[in-house]
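K.L.:
Let me begin by handing over the structure; questions about it come next.
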């Protein structure tokens, strides 16, 4: 019998590691990033451009401003950073719970829709009150949009990945409908026009105050997830629902509460986008941020501080490469390629952090 | 009547790339892999197919290269999710970002080199003209509606039927379904789970790639639109269609053409004088929303009735790790 099992033992098999040293894990992550940058460089080289020059243009494009306003590029980078960070933070509690909310895109859009309503029809309210109401309305919009799939998930176990995915598109077409229908500014032109000055967020250091909100949220989310009872409940539900039930937790209630929080934060990102930078509502309000956020949240291992770092890196890539496109004959989508390579490398390396390979022992 | 026939014809044409994407994704999902990279793989196929068509002028090579390149993207997804057991949602989304990115960059470079939008020769395009079947194609109404399409419309339908038959009647199909439902049981029954998962993902991805090439070559009439959305969200509609067709590629044929009809309804609805005015004047965005709304409703209905007609593979989206058993 012993011979038989030995014969059938594969040459190499995979086993989960029980303990991983943080140092090793960080080292592997960093080498994955370096490898990705090199691979991206090779790709640029294949296209007949100098990769060093392309990267230089990307960095300069993200940081070096114009003569008139030396901070303009940094500000533009931060403007991209705000919604990405907030949307990624929104996904943290959901993913921790293993609720695959890939609907941040739609939740951002609905947040934008709800807050735009007040910007359009109550622009005469006092400035501070109007802004607070707009931001709260955004949170309500996002939470509402997250609630729909959550209720079905709890009641009928409807697949939340597919449901939230569909809601992204439904939200997008709701905006298109509003643009060309009830909220249209000029007949025949699908746009709601600019919102009133009274409904616009003030700026601090040349960037709308959303960046302060984003950083505060980052700290709050860290404490919420790692230091509060609710955060603990979320991890238990994520690890094992039967365990949570056995411990007397009401799983349905926790899922509902967590998704309201997740959706509300994503919706907040939408409200800030409307009041802070777009100053209008259009189909491009989320512009794929909700999807990128999934990748960022995952790369950042659901740690709000890591997530902030990765959001910033991706914002540099996005802003820098759009500048690069105008300077080199190279499409700005290089950013997407490099982003993709980074993630592929990191998740491939992650495997070696979480698993070990066991080779067949030589017969003695 | 002529209006209706034109609409029907257009619906079939725009439903075809959806059918390729849906069939490919069904193959992948049946084995338990929820590959959200359909849009990316279609983009990869769109560029690779177009470039080959432009350079070699061979229809066979163009679609072969489209298939192979998208299959390569799917192989990456398969390696990461099946062998390295990474999260399927994240990996699939990255494949989409990566696929759109790389095709846009390469398409941009191709346009720069060509000094304008590249155009496939009319000689090549004539090989993809609707097939005229002598006598039959000229039957009034029926001829135009059913027997006057470019070859890839028929190829899409044939692939969908073949895959439906494989799942229904063959041993391989049964094995794949078993893996999708319960991989550890399939493993215990001696089915090679890894091999089947790999094959389904890769072949499925390749089929998606053909759909992409169909869009860049046939739908866009042989011109690469740099900066424009070549695939433009069709991959996501395909993901929706898989649910709508309840994981059956035979049902996907009808589903694709219904969804195809929705995508071009906006150009025809105004001409249908038999419809009441409020329907004819409904905003375009409502028609564009309908495929997603219908899919959501199907998703809800199928989960509410889950005891009676559960067609969603039970292990969909979950990775199989043998040592976890």
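The values are calculated or read from the model by the stated rules, or taken from the named source; none is laboratory data. Here the structure is a predicted model, which is why all the values come from computation and not from measurement. Virtual Cβ from ideal backbone geometry, glycine too; neighbours counted across all protein chains shown.
K.L.:
Just the residues that are assigned to a helix (DSSP H, G or I) and either facing another protein chain (nearest Cβ under 7 Å) or over 25 Å from residue A:258 (Cα atoms) (or both), please, taken from region A:168-186.
P.N.:
Of all residues in region A:168-186, those assigned to a helix (DSSP H, G or I) come to A:168-180.
Across region A:168-186, the qualifying residues are A:169, A:170, A:173, A:174, A:175, A:176, A:177, A:178, A:179, A:180.
K.L.:
Taking the residues in region B:100-112 that are more than 7 Å from chain A (Cβ to nearest Cβ) and closer than 19 Å to residue B:234 by Cα as candidates, determine which candidate is surrounded by the most Cβ atoms within 10 Å (Cβ to Cβ). Give the steps one after another, and end with the answer.
P.N.:
Of region B:100-112, the ones more than 7 Å from chain A (Cβ to nearest Cβ) are B:103, B:106-107, B:110-111.
Going one step further and asking which of them are closer than 19 Å to residue B:234 by Cα, we end up with B:103, B:107.
Numbers: B:103: 29, B:107: 26.
Taking the candidates together, the pick is B:103.
K.L.:
Just checking, which of A:269, A:318 is outside any loop (DSSP other than H, G, I, E, B) and away from every other protein chain (no Cβ under 13 Å)? Lay out the reasoning, then the answer.
P.N.:
Working: A:318 fails: away from every other protein chain (no Cβ under 13 Å).
Being outside any loop (DSSP other than H, G, I, E, B) and away from every other protein chain (no Cβ under 13 Å) holds for just one of A:269, A:318, which is A:269.
K.L.:
Quick one: how many residues across region A:191-220 are surrounded by fewer than 19 Cβ atoms within 10 Å (Cβ to Cβ) and assigned to a loop (DSSP other than H, G, I, E, B)?
P.N.:
Residues meeting the conditions: 8.
K.L.:
Only residues that are away from every other protein chain (no Cβ under 14 Å) and crowded, with 23+ Cβ neighbours inside 10 Å: list them for region B:68-99, please. I'd like the intermediate steps shown before the answer.
P.N.:
Of the residues in region B:68-99, the ones away from every other protein chain (no Cβ under 14 Å) are B:68-71.
Correct list: B:69, B:70, B:71.
K.L.:
So, in region A:7-53, how many residues would count as being within 14 Å of chain B (Cβ to nearest Cβ) and at pLDDT 85 or above?
P.N.:
Here the count works out to 10.
K.L.:
Could you count how many residues in region B:79-114 are touching a helix residue (DSSP H, G or I) at 6+ places or on another chain (Cβ under 8 Å) and part of a helix (DSSP H, G or I)?
P.N.:
Of all residues in region B:79-114, those touching a helix residue (DSSP H, G or I) at 6+ places or on another chain (Cβ under 8 Å) come to B:80-107, B:110.
Within this subset, residues satisfying the condition of being part of a helix (DSSP H, G or I) are B:80-83, B:88-107, B:110.
So the answer is 25.
K.L.:
Would you confirm whether any residue within region B:266-278 is within 22 Å of the chain's Cα centre (by Cα) and over 21 Å from residue B:7 (Cα atoms)? Write out each step before concluding.
P.N.:
Restricting attention to region B:266-278, the residues satisfying the condition of being within 22 Å of the chain's Cα centre (by Cα) are B:266.
Filter once more, keeping what is over 21 Å from residue B:7 (Cα atoms): none.
The answer is no; no qualifying residue exists.
K.L.:
Which condition from (1) in contact with a helix residue (DSSP H, G or I) (Cβ under 6 Å, 6 or more places away or on another chain); (2) over 29 Å from residue A:150 (Cβ atoms) is the one that residue B:272 breaks?
P.N.:
(1)
Yes/no matrix, rows are residues, columns are (1) under 30 Å from residue B:233 (Cα atoms); (2) within 14 Å of chain B (Cβ to nearest Cβ); (3) part of a helix (DSSP H, G or I):
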| residue | (1), (2), (3) |
| --- | --- |
| A:223 | no, no, yes |
| A:236 | no, no, yes |
| A:259 | yes, no, yes |
| A:264 | yes, no, yes |
| A:297 | yes, yes, yes |
| A:307 | yes, yes, yes |
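K.L.:
Exactly one of these conditions fails for residue A:276: (1) within 11 Å of chain B (Cβ to nearest Cβ); (2) assigned to a helix (DSSP H, G or I); (3) at pLDDT below 90. Give me its number.
P.N.:
(1)
K.L.:
If residue A:92 satisfies every condition in (1) closer than 17 Å to residue A:300 by Cβ; (2) in a loop (DSSP other than H, G, I, E, B) but one, which is the exception?
P.N.:
Here residue A:92 meets the rest and fails (2).
K.L.:
Same structure again: Based on this model, can you work out whether residue A:153 counts as closer than 27 Å to residue A:306 by Cβ, surrounded by fewer than 24 Cβ atoms within 10 Å (Cβ to Cβ) and in contact (Cβ under 8 Å) with a residue 24 or more places away in the chain?
P.N.:
no
K.L.:
Quick one: count up the residues across region A:180-212 that are touching a helix residue (DSSP H, G or I) at 6+ places or on another chain (Cβ under 7 Å) and either under 18 Å from residue A:266 (Cβ atoms) or touching a residue at least 24 places away in the same chain (Cβ under 8 Å) (or both). Spell out the reasoning first.
P.N.:
In the first step, residues of region A:180-212 are kept if they are touching a helix residue (DSSP H, G or I) at 6+ places or on another chain (Cβ under 7 Å); the result is A:180, A:183, A:190-192, A:195-196, A:198-201, A:204, A:206-208, A:210-211.
This time we only want the ones that are either under 18 Å from residue A:266 (Cβ atoms) or touching a residue at least 24 places away in the same chain (Cβ under 8 Å) (or both), so: A:183, A:191-192, A:195-196, A:198-201, A:206-208, A:210-211.
Total meeting the criteria: 14.
K.L.:
Would you confirm whether or not region B:129-150 contains a residue that is in a helix (DSSP H, G or I) and either at pLDDT 85 or above or under 23 Å from residue B:239 (Cβ atoms) (or both)?
P.N.:
no
K.L.:
Then there's this: Which of the residues that make up region B:280-298 are over 17 Å from residue B:261 (Cα atoms) and at pLDDT 85 or above?
P.N.:
Selection gives B:296, B:297.
Residues are listed down the side, and each one gets a yes or a no for (1) surrounded by fewer than 19 Cβ atoms within 10 Å (Cβ to Cβ); (2) in a helix (DSSP H, G or I); (3) more than 22 Å from the chain's Cα centre (by Cα):
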| position | (1), (2), (3) |
| --- | --- |
| A:26 | yes, yes, no |
| A:29 | yes, yes, no |
| A:42 | yes, yes, yes |
| A:81 | no, yes, no |
| A:99 | no, no, no |
| A:106 | no, yes, no |
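K.L.:
Among the residues of region A:168-178, is any under 15 Å from the mean Cα position of the chain (by Cα) and crowded, with 22+ Cβ neighbours inside 10 Å?
P.N.:
Step one: filter region A:168-178 for residues under 15 Å from the mean Cα position of the chain (by Cα), giving A:168.
If we keep only those that are crowded, with 22+ Cβ neighbours inside 10 Å as well, we get A:168.
Yes: one or more hits.
K.L.:
Got a sec? Which of A:235, A:250 is over 21 Å from residue A:267 (Cβ atoms) and either touching a residue at least 60 places away in the same chain (Cβ under 8 Å) or in contact with a strand residue (DSSP E or B) (Cβ under 6 Å, 6 or more places away or on another chain) (or both)? Show your work before the answer.
P.N.:
Details: A:250 fails: either touching a residue at least 60 places away in the same chain (Cβ under 8 Å) or in contact with a strand residue (DSSP E or B) (Cβ under 6 Å, 6 or more places away or on another chain) (or both).
Going through A:235, A:250 in turn, just one is over 21 Å from residue A:267 (Cβ atoms) and either touching a residue at least 60 places away in the same chain (Cβ under 8 Å) or in contact with a strand residue (DSSP E or B) (Cβ under 6 Å, 6 or more places away or on another chain) (or both): A:235.
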